[in-house]
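Below is one structure, written out as structure tokens, with a few remarks after it.
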Amino acid sequence: MNFDLAITLFSCHYTSQQSCAEDGKELEQLGFPDSINLVRVPCTGKLQMTTLLKAFEDGADGVYVVGCPADGCHNVKGSIRAAKRVDAVRAALEELGVEGERVQMYHLPRGLHPEFVAKAKEMDSRIRNLGQGPFSN
Amino acid sequence: MIVAERKPMGEIIEMVQDCKKVLVLACRGCVTVCSAGGEREAEILSSLIRLGMKKAGKSIEVSTESLVRQCDREYIDEIDQWKDDYDAVVSTACGVGVNFISNLKKDTMVYPALNTTFFGGSAEQGEWTEQCAGCGDCVLHLTGGLCPVARCAKSLMNGPCGGSVDGRCEIHKDVECIWQSIHDRLGSFDRSAQMEVIAPIRDWSSAGHGGPRKVVRDDLTV
Ligand code: SF4
Ligand code: SF4
């Protein structure tokens, strides 16, 4: 399906290091989807539900969070807290009759890892399959 | 504290569907402590109302404010400062707050965002349990400080019933039989004899069965 996708990614400083590699060009070279707007945060544990919901209010078709492995977060429980909030946003979206898959949490290794781009592609194709979201501008 | 939970979003969207602007009004009392209706939850609800209305193809302005409490006249009067900003208030206070706004603000339509559930406490983060039913005639001095009114499924005054098994209530194995706990606790204070005392038939009029209740303190009224 072809339409202008808008996906917002909130990623912690540690799991999104690839976005800094090669002067910020490496992600592009690796085929990171241009539908994804990357927002780096010091720790995903600081993300509030309102921040995730605001991304939908701003028109996102999908929102996802990338944080450290659940048992290896730089800030101990940050990415576990983030996952809980993603779950709560998913439940609220479903109450509104919106597909819960539009919001996702990924726990990825820190540093430069191919999974960062692989998950971005996965998210891009998931949202593309779901189609335009109900909050799209 | 009074414990409450947000209503399903479908119900809340239905309430506001004809509104053009609503004020989501948080309460900084009990519902803040039980994470159901404080400032953070009111911001989340405001966002969900905007999203729900957008999905329904309707536009709505949602503002978010909070009061120290919604169960005292002095704070309810503060609503007047926002009166041009809403067609209706969506209150994230307990049912007392919604009633108080209705009692005191004749021109304000107010909707409840929460289901008010019980008086309880939180022994584990993110978990609240019922502890008292506000019966108006407390018997905790006779029951080792554990409430049979709120915490026994049958509100027995002379428990346990025949369904108590291994300290669990017959309604569900996850539920403590509070009468077993009362027995054990009285025993630990060498007061097991209290279990032999038959509690008389109870007059429940103080528990709300005699109509809405009221407390008047002459020493505080001027
Ligand atoms: S006996 Fe009545 S007042 Fe006392 S804790 Fe139980 S419900 Fe509350
Ligand atoms: S098993 Fe215990 S708590 Fe349950 S109804 Fe009987 S006395 Fe009450």
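Quick note: the coordinates plus some simple rules give every number you see, no bench work behind them. Quick caveat, the model's predicted, so the values are computed rather than measured. Note that we place each Cβ from the backbone using ideal geometry, even for glycine, and neighbour counts take in every protein chain shown.
Taking 24 Å as the straight-line reach from the Cα of residue A:54, the lysines in range (excluding those fewer than 8 positions away in the same chain) are A:46, A:77, A:84, A:119, A:121, B:7, B:20, B:21, B:54, B:55, B:58. Quick check: Cα centre of segment A:15-33 to Cα centre of segment B:192-222, how many Å? First find each Cα centre; the distance between them is then 69 Å.
Around the amide H of residue B:169, modelled in the peptide plane, lie the amide H atoms of B:175, B:176, B:177, all under 5 Å away and 5 or more residues distant in sequence or on another chain. For residue B:206, put the label point 7 Å out on the Cα→Cβ axis and report which residues of segment B:118-138 keep their amide N under 20 Å from it. Of the residues in segment B:118-138, B:119-120, B:131-138 have backbone N under 20 Å from the label point off residue B:206. In this structure, residue A:4 and residue A:87 have a Cβ-Cβ separation that, at R0 = 22 Å, corresponds to a calculated FRET efficiency of about 0.20. Loop-resident chymotrypsin sites (Phe, Trp or Tyr not before Pro) (DSSP state other than H, G, I, E or B) in segment B:116-222 with no more than 14 further Cβ atoms inside 10 Å of their Cβ: B:189. What does the C-alpha gyration tensor say about the overall shape of chain A? Classify as rounded when a/c is under 1.5, otherwise prolate if a/b is larger than b/c, or oblate. It is oblate, given that a/c is not under 1.5 and a/b is not larger than b/c. Computed from the C-beta positions of residue A:30 and residue A:94 and an R0 of 45 Å, the FRET efficiency is 0.85 to the nearest 0.05.
Only bridges whose two residues both fall in the protein assembly as shown count here: according to DSSP, what percent of them are antiparallel, nearest 5? It would help to have the intermediate numbers written out before the result.
Values: 13 of 44 bridges.
Beta bridges within the protein assembly as shown, antiparallel portion: roughly 30 percent.
Using 19 Å as the cut-off for backbone N distance, which residues of segment A:85-113 belong to the label zone defined by a point 7 Å from the Cα of residue A:20 along Cα→Cβ? Hits in segment A:85-113 for residue A:20 at 19 Å: A:108-113.
Charged side chains reduced to their Cβ positions (Lys and Arg at +1, Asp and Glu at -1) give the protein assembly as shown a dipole of some 200 debye around its Cα centre. Inter-chain neighbour count for A:49-55: the average number of beta-carbon atoms from partner chains within 10 Å of each residue's beta-carbon is 4.
Taking the number of other C-beta atoms within 10 Å as the exposure measure, put B:66, B:122, B:164 in order starting with the fewest. Mind dumping the intermediate values first?
On the way: B:66 21, B:122 14, B:164 18.
The fewest-first ordering by Cβ neighbours comes to B:122, B:164, B:66.
First measure r as the distance between the Cβ atoms of residue B:199 and residue B:68, then evaluate 1/(1 + (r/R0)^6) with R0 = 51 Å and state the FRET efficiency to the nearest 0.05.
Values: r = 40 Å, r/R0 = 0.79.
FRET efficiency, residue B:199 to residue B:68: 0.80.
With a 10 Å cut-off around each Cβ of B:44-54, the average count of Cβ atoms from other chains is 6.
Counting only C-alpha contacts under 8 Å and six or more residues apart, can you give the relative contact order of segment B:2-118 as a whole percent? Walk me through the intermediate numbers first.
Details: 238 pairs, mean separation 41.9, N = 117.
So the answer I get is 36 percent.
Once the dipole of chain B is set up with Lys and Arg at +1 and Asp and Glu at -1 on Cβ about the Cα centre, which of B:45, B:207, B:8 lies farthest towards its positive end? The one lying farthest along the dipole's positive direction is B:8.
Around residue B:59, with a cut-off of 11 angstrom between Cβ atoms, what is the net charge of the other residues, counting Lys and Arg +1 and Asp and Glu -1? Present the calculation step by step, with values, prior to reporting the outcome.
Details: positive: B:20, B:21, B:50, B:54, B:58; negative: B:61.
In short, +4.
The ranking of A:123, B:1 by Cβ neighbour count inside 10 Å, starting from the fewest, reads B:1, A:123. Taking square-rooted eigenvalues a ≥ b ≥ c of the alpha carbon gyration tensor, is segment B:2-118 rounded, prolate or oblate, where a/c under 1.5 means rounded and, failing that, a/b exceeding b/c means prolate? Verdict is oblate for segment B:2-118. Counting 0.36 nm for each residue step from residue B:170 to residue B:133 and taking away their Cα separation leaves a gain of 11.3 nm.
Loop only per DSSP, at most 11 neighbouring Cβ atoms within 10 Å: give me the GluC sites (Glu not before Pro) in segment A:1-96, ordered by residue number.
On the way: sites: A:22, A:26, A:28, A:57, A:94, A:95; in loops: none.
Within segment A:1-96, no GluC sites (Glu not before Pro) qualify (loop, at most 11 other Cβ atoms within 10 Å).
With θ taken as phi - 60° and the Karplus curve 6.51 cos²θ - 1.76 cosθ + 1.60 applied, the whole-hertz 3J(HN,Hα) list for segment A:63-69 is 9, 9, 10, 10, x, 5, x Hz, x standing for glycine and proline. Residue exposure proxy: B:28, B:151, B:213, ordered by other Cβ atoms within 10 angstrom of their Cβ from fewest to most, comes out as B:213, B:28, B:151.
For residue B:21, the residues whose amide H sits under 5 Å from its own are B:61, B:87, B:88, ignoring neighbours fewer than 5 places away on the same chain, with H placed 1.01 Å from N.
Taking chain A as a Gaussian network of alpha-carbon nodes connected by springs under 10 Å, the highest mean-square fluctuation of the residues A:60, A:92, A:120 belongs to A:92. Loop-located trypsin sites (Lys or Arg not before Pro) in segment A:28-118 (DSSP state other than H, G, I, E, B) with a sparse environment of at most 16 neighbouring Cβ atoms within 10 Å: A:77.
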